[in-house]
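Reviewing the structure listed below.
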Amino acid sequence: MINKEGEDSKIVFDNLQKQLEQINKEIRNGQKRLEALEPVNMLALEEYEKNQERLKELSDKLATLEGERTELLLRVENFTTLRLRAFKEAFTAVNENFKTIFATLSEGDGYLKLEDENNPFNGGLTLVAHPKGKPVTRLSSMSGGEKSLTALSFIFALQRYRPSPFYAFDEVDMFLDGANVEKLSKMIQQQAKLAQFIVVSLRRPMIEASERTIGVTQARGAYTQVLGIKL
C-alpha cells in the first residue's frame, strides 16, 4: 500500500522527467538551428571592426573632398566675377580711348560694341566706325585708308590703356593721303612718349616726323645698302 508521501514523490518525479524531456527537446531544436547556420565565419567580428574603421576613414575623406569642392566652387565664382569686372573696366577704358583717337585721326565718330553685353565672353567685339561725311554700315564699303585708320585707332586705344614697350609698323600709311599721313605721324609722335616705335614708311610726312631715320636701298649688284639719313 502506497502512502501519500510516496504518491507525492512519484508526481514530482514524473514532472521532473517531463521537464527534462522538454529541455532535451529544446536542446535538440537549438542544435538543429545552429547547424542550419553553418558554415559560420569565426572572423566575422574582426572583419566587421576592420570594415567599420574603413568606413570611418572613407567618410572622413568624403567630408574633406566635399569641403574642398565647395571651396573650389567659391573660388571659381569669385574668379569669374573678378574676370568680368576686369574686362568691363578694360573695355570701358579702351572704348573711350578709341572714340577720342578715331575722332582725331578721321574727324568722324566710332566706338566699340559687344555682341553680347550681358555675357561678353560668349560673343565677339565689333568696331563701329563712321568717317567724317561718310555713313558707313559695312567694312567692305570703307576705303583702304579708312580701314587703316580704324585699325590703327584700335591699336592706339589698346596702347594707351596698357602700353607695350615696342611697336613695329610696316607701311601702315600706304593707303592714306598726305593729310592723314600727317595726322598719323603726329599721333605716333604722341604715343612714342609711352613706347618705342619702328615705322617702315615711304611717305615724307612720316619720315620727317621721325627722331632717327635709316634708309634701305638696293645698291649695284643686287646688294641691300643701309644709309643713315640726316634730316
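The values are calculated or read from the model by the stated rules, or taken from the named source; none is laboratory data. Note that the coordinates shown come from a computational prediction; the quantities given were computed from them, not determined experimentally. All Cβ positions, glycine included, derive from the backbone under ideal geometry; neighbour counts span all protein chains shown. In case anyone asks, the SASA skips ligands and DNA or RNA and just uses the protein heavy atoms, side chains included. Shrake-Rupley method; radii C 1.70, N 1.55, O 1.52, S 1.80 Å.
Please enumerate the residues belonging to the stretch 87-132 that are among the small types (Gly, Ala, Ser) and over 22 Å from LEU176 (Cβ atoms).
The answer is ALA90, ALA93, GLY123, GLY124.
Restricting attention to the stretch 135-169, and to residues there that are in a loop (DSSP other than H, G, I, E, B) and open to solvent by 60 Å² or more (accessible area, probe 1.4 Å), which single residue is nearest to VAL200 (Cα to Cα)? Walk me through it before giving the result.
First, the residues of the stretch 135-169 that are in a loop (DSSP other than H, G, I, E, B): 135-138, 142-143, 162-165.
Add one more test, that the residue is open to solvent by 60 Å² or more (accessible area, probe 1.4 Å), and what stays is 135, 137-138, 162-163, 165.
Values: PRO135: 31, THR137: 31, ARG138: 29, ARG162: 23, PRO163: 20, PRO165: 18 Å.
Across the stretch 135-169, the extreme among qualifying residues is PRO165.
For the stretch 99-134, enumerate the residues that are in a strand (DSSP E or B), open to solvent by 60 Å² or more (accessible area, probe 1.4 Å) and among the hydrophobic types (A, V, I, L, M, F, W, C).
Within the stretch 99-134, LEU125, LEU127 meet the criteria.
Could we say that ARG54 is open to solvent by 100 Å² or more (accessible area, probe 1.4 Å) and closer than 30 Å to ASP116 by Cβ here?
On the way: open to solvent by 100 Å² or more (accessible area, probe 1.4 Å): yes; closer than 30 Å to ASP116 by Cβ: no.
Answer is no for this residue.
Of the residues that make up the stretch 207-218, is at least one part of a strand (DSSP E or B), surrounded by 10 or more Cβ atoms within 10 Å (Cβ to Cβ) and in contact (Cβ under 8 Å) with a residue 24 or more places away in the chain? Break it down into steps so the answer makes sense when it comes.
Filtering the stretch 207-218 down to residues part of a strand (DSSP E or B) leaves 213-218.
In the following step, the residues that additionally are surrounded by 10 or more Cβ atoms within 10 Å (Cβ to Cβ) were identified as 213-215.
If we keep only those that are in contact (Cβ under 8 Å) with a residue 24 or more places away in the chain as well, we get none.
Scanning the stretch 207-218 turns up no residue that is part of a strand (DSSP E or B), surrounded by 10 or more Cβ atoms within 10 Å (Cβ to Cβ) and in contact (Cβ under 8 Å) with a residue 24 or more places away in the chain.
Is at least one residue of the stretch 70-88 of a type in the set (D, E, K, R) and closer than 30 Å to SER148 by Cβ?
So in the stretch 70-88, the residues of a type in the set (D, E, K, R) come out as 71, 75, 77, 83, 85, 88.
With the extra rule that they be closer than 30 Å to SER148 by Cβ, the set shrinks to 88.
Yes.
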